[in-house]
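Q: Below is one structure. I have some questions about it.
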Amino acid sequence: MECQNFKELLDSYLCGELAVETNHTMLCHAERCCSCRSEMGARRSLRSSLRRACSKEELSDRAMENLRARLRSDSGLDDGPAAPGDETGRRNWFAGLFKMRFLTPAAIVAALALTVGAAWSLSLLWGGDDDHQRLSSQQIKALELSASLVAESAGDHRTCAPYFVNATEPAEMPESAGEYDRACVRLDKIAAQGAKELQLRAAHICDFSDRKFAHLVYTRGASLVSLLVTDRDCRALKSGEVPPYSGLALGTQRFTHDHLALGAYQTSKRIVLVVSDLPVDENAALAERLASPVVEYLRNVEAETGPKERIGTGRLREGIDRVAVNDAGEIMKIDGIDGIFRDFARRIDH
Amino acid sequence: MDQKDKLQRLEIFEAEALGFSSQLFRVALRVCRDREKAEDLIQETYLQAWRSFHRFEIGTNLRAWLYKILFNVHYGEIRRDRLELMPIEETIAETIAYDPPTPQNLTEEEVLAALERIPRDFQVPVVLADVEELSYREIADALRIPLGTVMSRLHRGRKLLRMELANYARGAGYQIAN
């Protein structure tokens, strides 16, 4: 590939619009040509800048309230009483946002839409006394993963995993993985708890398009499944900025890319993805089983040097009325909900 | 449909669709260049979307559907059937031969200012692809133009943006990527 051709295709490459084979050719050229590699970095940076610059514009609260009023008026609902159990109109809308996904299991709004798993149906307030906060629509938006991360994760699965489909030697993450991420040295052992029906074929660190992954390659019958762990850097987030809270409250973030299904989880510093060619719902269910122990482990590792926690009050749809929220905004349930999060909150005197 | 069903359906619509309001608004600002007009455009877009929601198939691409309605409303309002380039802009686009290296270390304000200097017909596809991350096919669908035209507009729009930034950077004494 010539430099001129590389530069012509570069923007489409960064958009994830090129075929996988062309991606490979682009990467090979970039590896050899530092001028083109530099241009790739500059254009990527420009895209991030442009996204951040444009993302500062938001519909004002006043305009949003006018819009909602207009919708109600158009439906002839503006004089009606609130439905039972409603609190304020705004809170009801927020509750609806979390209600939607698991009532319509087949509904996947768009490749990059956020979904909320059934275990995470929360209508949440936290904070002490009168100081209530909520996970705002802005926060939810700030947690959206970027198209490039999705494309890179899918690309890594597609180009790397097939090499190991028939591997028979026992697979183990090498010690050298610690040079990339110390927490991933035991990734294969941690993931084993959720990988009962899978066969581990490979464990290594690999690259795809400037992004490094810790990569576990599994087979399940004829299907290839990848578990990937990567940095939660600004390129991984659609806004170009890493929010100061993780995305765990959102449950499985689901995507499709080029006939692959992806399920993703965010901790404070990392993103865990499960990629396969299974149907989307099946991949999501597998992702929850496979990724859960890994996510919990990474959270514990991150929490060892992490912020203090405080107890707030919250209202969960299941009727539990206490949650713990740490300063990173990660929500931990208390008392009795089975799931991947345990209760380990300590009261902090404010 | 009784009030309770209607309210429930509206709540579902709000939960599904209002989450995209800021994304749609950002594009509306590019299209209208006036905040008040952009807010009006968003309101009209959501009204149309709500009225057509019964035709929307849950599970399909809601965001792309909303963008399509937005441009439908906008171009309906200004009585244009499809996105057309003015001849002079086409000429400008055709004379670009030199594609400068992309400058680095520019501020967000400088990047936004450069975007706003390129013709609107190029600005909109660039924002849809590089900010909102729609696929080329989704852009073609939303703007109701052929895929080839989208790719051509994007190619030129991105090049114009880089030229604006390079001119600015040169003028301001920035170092350009080698």
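The values are calculated or read from the model by the stated rules, or taken from the named source; none is laboratory data. Keep in mind that what you see is a predicted model, and the values were worked out from it rather than measured. Here the Cβ positions follow ideal geometry from the backbone for every residue, glycine too, while neighbour counts run over all protein chains shown. What goes into the accessible areas is simple: the full protein's heavy atoms, side chains included, and nothing from ligands, DNA or RNA. Shrake-Rupley method; radii C 1.70, N 1.55, O 1.52, S 1.80 Å.
Q: Check off (1) at pLDDT below 90; (2) buried (at least 23 other Cβ atoms within 10 Å of the Cβ) for residue A:248 and give me the number that stays unchecked.
A: Single failed check for residue A:248: (2).
Q: For residue A:175, indicate whether it is more than 29 Å from residue A:39 (Cα to Cα) and open to solvent by 10 Å² or more (accessible area, probe 1.4 Å).
A: Answer is yes for this residue.
Q: Right, next: Could you check the stretch A:213-255 and list, in sequence order, the residues that are of a type in the set (Val, Ile, Thr) and closer than 15 Å to residue A:291 by Cα?
A: Answer for the stretch A:213-255, where residues must be of a type in the set (Val, Ile, Thr) and closer than 15 Å to residue A:291 by Cα: A:217, A:225, A:229, A:230, A:252.
Q: Give me the residue from the stretch A:163-191 that is among the aliphatic types (A, V, I, L, M) and over 21 Å from the mean Cα position of the chain (by Cα) and, out of that set, nearest to residue A:212 (Cα to Cα).
A: This residue is A:177.
Q: Something else now. Given the structure, is residue A:32 modelled with pLDDT of 90 or more and at the interface with chain B (Cβ under 9 Å from one of its Cβ atoms)?
A: No; evaluated as a whole, the condition is false for this residue.
Q: Same structure, new question: Modelled with pLDDT of 90 or more and among the charged types (D, E, K, R) - does that describe any residue in the stretch A:92-103?
A: No, the conditions are met nowhere in the stretch A:92-103.
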